[in-house]
Amino acid sequence: MMTFVRCSLALLLFALLFGLAAEAEGPDRTCFQEAGHWQPAIDLGADMAIVYGVNDSFADRVRQWREKGYSIGMMTGIAWGGYDDYYRTADGFKKDEVQTRKSGKLYMHGDSTTVGYNVPTDAYIDYIKQVVNPAVDLGAQAIFLEEPEYWAEAGWSEAFKEEWLRFYGEPWQEPDSSPDAQYRASKLKYELYFKALREVFRHIKERAAAQGREVECHVPTHSLNSYAQWRIVSPMSHLMDLEEMDGYIAQVWTGTARTPNLYRGVQKERTFESGFLEYSQMVAMVRPTGRKLWFLADPIEDNPNYSWRNYKENYECTVISSLLWPENYRYEIMPWPTRIFKGSYPKVDLDTKSDDREGIPADYAAELMAVTNALNHMDQDKVQYDTGTQGIGVLVSDTLMFQRAAPRGSDALLSNLYGIAMPLVKHGIPARFVQMETLTQPGALDGIHLLLMTYDGQKPLKPDYHEVLDQWVRGGGALLFVDDGSDPYNRVREWWNDEGKNDALPQDDLFRRLGISSEQADTPVAVDGGRVYVMNISPTRLAKQTEGAERLMQAVALMLQQKGITLQTRNYMKLRRGPFLIASVMDESISEQPLSLQGSFIDLLDAALPVVKEKTLEPGQRCLLFDLDWAAAHHATAEVAAASCRVREESMNGSTFSFVTRGPENVRARMRIRLPKAPETITVAPDDTEFLSAWDSSSGTLMLECDNQAKDIRFSLQLQ
């Protein structure tokens, strides 16, 4: 413990001597995380560099990234990390504080023998407070404590047994001894990491305030969907109850979104659709609260055994699905740029034996930079949807994570969720998750016409949620409840059954408030100004049936009809965000019809940044386009419309258009610039920068090319 105290004091002195004190808060719309020092090959030009991990090199890494113009964040794990000085003792290893399976096997992080998933005891929380001190003292404007994770199969460590007794006031039970014990074990895990983050975040805020500053506190986390399917418990939306909690990074990427699920009885990867629903859930947690949210998409993934072709296809699935949520405009553009721009991967998927590997293809590197530059401009106030019916919500609860392990884990493929959410997306409907735990926030159900919900696989933590739903339905809302009441976790000791003293189901309380009974199934029932429809079937059964999606959509159409709304479906989703057109055409949908877009577009998913007059998408394809015609009608006469580098300081001064570029070395910078006429002269500084240029009169754009440099390059275009 004292090691970190001395380290923190030394770093504070270092900061004062070498000018590392905090600067004014900088922009943070784009960020990335990196554990290493600044290198020219990973100079991405984002707003914020999140310096990962606190060790002897931390101060020097902060200094380097700050000198290059980045705002500074710090990230470290809250459930695991390089914390050997805590876990290593004179007697060996603190096994009692590591998450433990019934077999006695410890949950270690990856292949590590020293980094375990911890039980957040009071002593461990105090240790983490010392870990974060250097980040506060060196002026980080934001601290990110990532992945508060407790495995559902864990719960046998001595530390957890002690926490059980303290929390419940009764002796520990083996979590797999009954559904009730498993539910209570998961609820305790949920509260333990809530407490840990509360205590550490309060410490951060108080330490910063004592220095006359403010520091934001954020949690990078998988989506609720991912954690539930991967059998992990985390505090998720509960963190919105913390005043000290400023927001999340939505850790959605190929590795999470490609997890197979079931639709119409077919199990397979559905990366775009699953990613869309993961981002939907993350938005649901912050929507009523106004906190910050960054969307992550990873150009590769943690599994290092796929080909670049595979990574590229799945990256495009996730980044396009993220862009279909226009209320969000902050992005972690990538994690670990070193492993992307300097790593090598198999030429053939899952080829783990061959040494036939390659670094990132030049075109993919350029495409990544073109997309990341565009991400800096997604805060657009002119938004236009071309999708199926909007205003359809799906209610989700953090308790999705409470029913994932023995003795009666809910459906392994999370069909209790996907059984009602996936059909909506496959019909082109932008399914909007509504987080149950935020229902009591003002406006939580604003814009929702029809709400789908189930208690199969999840449960209501408080009766307050039913009061909100009752009022909403009576005020004109339509509720579609899909459940057959067979979930064994309905019988856990909770508020709806008077702590197990009767046989009531959680929905019984809701139905009582609404004045309906479970016998009134399979037909809409009027409740004052609203409607309720109880489908007496589990979502998991719907997912397994070839006709299950159609059964659900028929009920959806009927409920909308009750409100005078005609259900609209598509085999695609398309969205305009200012000049950007985002679209994805889905397979397994209502038709195999391609989507054709006509106009004058720059294709941002093509490294050459070509201008195309027509873009046709077949099922399973997607696009990100810059609409030149729209820009000409709404923007200034000159702009860098697309670039595989970061572009800043665009300015039109008289007849001279100028801008500054910057990007990672070894990546070709292509810039397509919209201009009223071809430039007469082009100058560049440094003046030894070699570049190519070509004017395209048909689109009114200039193409400039040069090699990216990890420093500013200024272009000046004289138009007359």
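The values are calculated or read from the model by the stated rules, or taken from the named source; none is laboratory data. Bear in mind the structure is a predicted one, so any value in this text is a computation, not a measurement. Cβ placement follows ideal geometry from the backbone for every residue including glycine, while neighbour counts extend to all protein chains displayed. SASA here: full protein model, heavy atoms, side chains in, ligands and nucleic acids out. Shrake-Rupley method; radii C 1.70, N 1.55, O 1.52, S 1.80 Å.
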Checklist line | Those strands (runs of 3 or more DSSP E) lying entirely in the stretch 637-699 with at least 2 residues of a type outside the set (Val, Ile, Thr) | finding: 639-643, 646-653, 656-662, 668-674, 691-696
Notebook entry, point to check: Is it true that some residue in the stretch 239-248 is touching a residue at least 40 places away in the same chain (Cβ under 8 Å), assigned to a loop (DSSP other than H, G, I, E, B) and not charged (D, E, K, R)?
Noted result: yes
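Take the conditions touching a residue at least 12 places away in the same chain (Cβ under 8 Å) and assigned to a strand (DSSP E or B) and apply them to Leu395. Does it pass? Step through it out loud before you land on a result.
Values: touching a residue at least 12 places away in the same chain (Cβ under 8 Å): yes; assigned to a strand (DSSP E or B): yes.
Against the criterion (touching a residue at least 12 places away in the same chain (Cβ under 8 Å) and assigned to a strand (DSSP E or B)), Leu395 qualifies.
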Check: Restricting attention to the stretch 149-164, does a residue exist that is farther than 24 Å from Arg231 by Cβ, touching a strand residue (DSSP E or B) at 6+ places or on another chain (Cβ under 7 Å), buried (at least 21 other Cβ atoms within 10 Å of the Cβ) and at pLDDT 95 or above?
Finding: no
Checklist line | Residue satisfying all of: in the stretch 697-720; in contact with a helix residue (DSSP H, G or I) (Cβ under 9 Å, 6 or more places away or on another chain) and closer than 23 Å to Gly663 by Cβ; surrounded by the fewest Cβ atoms within 10 Å (Cβ to Cβ) among these | finding: Lys711
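For the stretch 465-490, give me the residue count where each residue is of a type in the set (Gly, Ala, Ser) and more than 14 Å from Val394 (Cα to Cα).
Taking the stretch 465-490 and keeping what is of a type in the set (Gly, Ala, Ser), we get 475-478, 485-486.
Filter once more, so that each one left must be more than 14 Å from Val394 (Cα to Cα): 475-476, 485-486.
Matching residues across the stretch 465-490 total 4.
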Item checked: Residue in the stretch 338-346 that is surrounded by 23 or more Cβ atoms within 10 Å (Cβ to Cβ), modelled with pLDDT of 95 or more, in contact with an Asp or Glu (Cβ under 9 Å, 6 or more places away or on another chain) and in a loop (DSSP other than H, G, I, E, B) present -> no
Next item on the list: Looking only at the stretch 10-18, decide whether some residue is within 30 Å of Val647 (Cβ to Cβ), modelled with pLDDT of 50 or more and not acidic (Asp, Glu).
Entry: no
Check: Just a yes or no: is a residue in the stretch 95-108 in contact with a helix residue (DSSP H, G or I) (Cβ under 8 Å, 6 or more places away or on another chain), assigned to a loop (DSSP other than H, G, I, E, B), open to solvent by 10 Å² or more (accessible area, probe 1.4 Å) and modelled with pLDDT under 95?
Finding: no
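Checking the conditions here, which among Thr540, Thr546 is in contact with a Ser or Thr (Cβ under 6 Å, 6 or more places away or on another chain), touching a residue at least 12 places away in the same chain (Cβ under 8 Å) and under 22 Å from Asp587 (Cα atoms)? Reasoning before the result, please.
Details: Thr546 fails: in contact with a Ser or Thr (Cβ under 6 Å, 6 or more places away or on another chain).
Within the list Thr540, Thr546, the selection yields Thr540.
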Item checked: Residues that are over 22 Å from Thr540 (Cβ atoms), of a type in the set (A, V, I, L, M, F, W, C) and in contact with a Leu (Cβ under 9 Å, 6 or more places away or on another chain), drawn from the stretch 472-511 -> Trp472, Val473, Ala478, Trp495
Check: Can you tell me which residue in the stretch 303-337 is farthest from Met48 (Cα to Cα), limited to those that are without any contact (Cβ under 8 Å) to a residue 60 or more places away in the chain and either of a type in the set (Lys, Arg) or open to solvent by 70 Å² or more (accessible area, probe 1.4 Å) (or both)?
Finding: Arg309
